[in-house]
Amino acid sequence: MSETNRPPEELIRRPFRYYMRTYPRPLLVGMGFLLVTNILDGLWPLLLKEGIDRITAHVSMNEIGKTALTFFFVMGSLSISRYGWRMGFGRFHTYTAEHLRLKAFHHLTRLTPSYFLKKPVGELMSLLTNDIQTFRTAIGSGLLVFTDGILILLVVVPVMLSLNPAWTVKALAFLPLVPLLIWFVMKKIHVASKNQQDSFPRVTAHSQESVAGIRIVKGFALE
């Protein structure tokens, strides 16, 4: 993984776009396999329907066998595509976390000793571990879920409309309420997550100081 020559301001202001440009290959591979996965997810129920219809229509075993082979081929391809998007997205957010952690560590090594007198070591440890891991989750799983939701709507809804438009409208009648529910839940999660993130540096600093001063703690019998 090579360093980019782009200014660090882009990393600070637009980290998502920065890493999408820095590591486009694994991201595009993951996106491509995710699209194939959603297409196959919309295709296999149609093949299952076709197979059941042919069985109830008492067609020849040769025709049923062709449908069964097609179904198993699609399911096998679905397994491969699922593995592909997991590998693509996994490499993307792993490279991202590694790059960001090295950037932060390199920056810390260039700071003056007076900075470390003001900042607890545990807080810096929390920054390099928990905070970067949280960003990794957002740019990995968060981006994946967001993209997957959009692709599912683009693939599954047309299939549903082709089967039965009336039932599709009934099934999706409450879909406009979903964004409001998500907004409400995310607001609660954001507050809880912020409180948790604020408490992590204190917990890490206390743990680091306790472990670093274990001889003093035991010397005064303050275990």
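The values are calculated or read from the model by the stated rules, or taken from the named source; none is laboratory data. Since the structure is predicted, the reported quantities are computational estimates derived from the model, not experimental observations. When we count neighbours, we look across all protein chains shown, and the Cβ atoms used for this are built from the backbone with ideal geometry, even at glycine. For accessibility, only protein heavy atoms count, side chains too; no ligands or nucleic acids. Shrake-Rupley method; radii C 1.70, N 1.55, O 1.52, S 1.80 Å.
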Report task. Count the net charge of all other residues whose Cβ sits under 13 Å from the Cβ of Asn38, scoring Lys and Arg as +1 and Asp and Glu as -1. Result -> -1
Query raised in the report: Which is farthest toward the positive dipole end of the chain among Ile152, Leu163, Gln196, measuring Cα position about the Cα centre, with Cβ charges +1 (Lys, Arg) and -1 (Asp, Glu)?
Result: Gln196
Report task. Return one quarter of the surface area of the convex hull spanned by the alpha-carbon atoms of region 53-109, equal to its mean projected area, in nm². Result -> 4.6 nm²
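Based on Cβ point charges of +1 for Lys and Arg and -1 for Asp and Glu, what charge dipole magnitude is obtained for the chain about its Cα centre, in debye rounded to the nearest 20?
Around 580 debye, computed over the chain.
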Query raised in the report: Under a point-charge model restricted to the Cβ atoms of Lys and Arg (+1) and Asp and Glu (-1), what is the dipole moment magnitude of region 134-223 relative to its Cα centre, in debye to the nearest 20?
Result: 120 debye
Requested in this report: With all protein chains present, calculate the accessible area of His99 using a 1.4 Å probe and round the result to the nearest 10 Å².
Outcome: 10 Å²
Report task. Report, by chain and number, residues whose modeled amide H sits under 5 Å from the one on Leu172, excluding near sequence neighbours (fewer than 5 apart, same chain). Result -> none
Query - Relative contact order of region 1-126, defined on C-alpha pairs under 8 angstrom at six or more residues apart (%) - result: 34 percent
Query raised in the report: What residue among Ser60, Val74, Phe33 has its Cα farthest toward the positive end of the dipole of region 11-97, where the charges are +1 on Lys, Arg and -1 on Asp, Glu, each on the Cβ?
Result: Phe33
Requested in this report: Mind putting a number on the dipole of region 100-142 about its Cα centre? Charges go on the C-beta only, +1 for Lys and Arg and -1 for Asp and Glu, and I need it in Debye to the nearest 20.
Outcome: 140 debye
Query raised in the report: What accessible surface, in Å², does a 1.4 Å probe find on Met186, ignoring ligands, DNA and RNA and rounding to the nearest 10?
Result: 100 Å²
Report task. Can you tell me how much longer the chain between Glu63 and Val185 gets when fully stretched, taken as 0.36 nm per residue apart minus their C-alpha distance, in nm with one decimal? Result -> 39.0 nm
Query - Accessible carbon and sulfur surface of the chain relative to its total accessible area, %, 1.4 Å - result: 70 percent
Report summary line: Restricting to lysines and to Cα separations under 24 Å from Lys118, and discarding same-chain partners fewer than 8 apart, the set is Lys103, Lys194
Query raised in the report: What distance in nm separates the simple spin-label points at Ile214 and Glu50, each placed 7 Å from Cα in the Cβ direction?
Result: 6.4 nm
Query raised in the report: Under the definition of Cα pairs under 8 Å and six or more residues apart, what whole-number percent is the relative contact order of the chain?
Result: 25 percent
